[in-house]
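The values are calculated or read from the model by the stated rules, or taken from the named source; none is laboratory data. Everything quoted here is computed from the prediction, not taken from an experiment. In this analysis, Cβ positions are derived from the backbone assuming ideal geometry, glycine residues included, and neighbour counts consider all displayed protein chains.
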Amino acid sequence: MDKDFTSCLKCRNGVLLPLSDYGRDGAPIMYKAWVCNNPECGFNIRIDNGEISLGRDISTSVK
Ligand SMILES: [Zn+2]
């Protein structure tokens, strides 16, 4: 299932789910962050202004 998603490189059990966001001008930002769907793993990647942030604690306010 969910073979379209990238397997999590950390736990290898979950998959990385793409999260989108909206910029200040309302333009959609596709795939701004990727998070592992395994709650015990919590691996995440964020892309902010072209910079990639790895593994920070992320809020659970996933829409
Ligand atoms: Zn994981």
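For this structure, a couple of remarks:
- Entry remark, the stretch 1-39: residues being modelled with pLDDT of 90 or more and polar (S, T, N, Q) number 4 in total.
- Total residues in the stretch 6-39, condition assigned to a loop (DSSP other than H, G, I, E, B) and touching a Phe, Trp or Tyr at 6+ places or on another chain (Cβ under 9 Å): 6
- Those residues of the stretch 1-49 which are in contact with a Pro (Cβ under 7 Å, 6 or more places away or on another chain) and within 16 Å of the ligand (Cβ to nearest atom), in sequence order: TRP34
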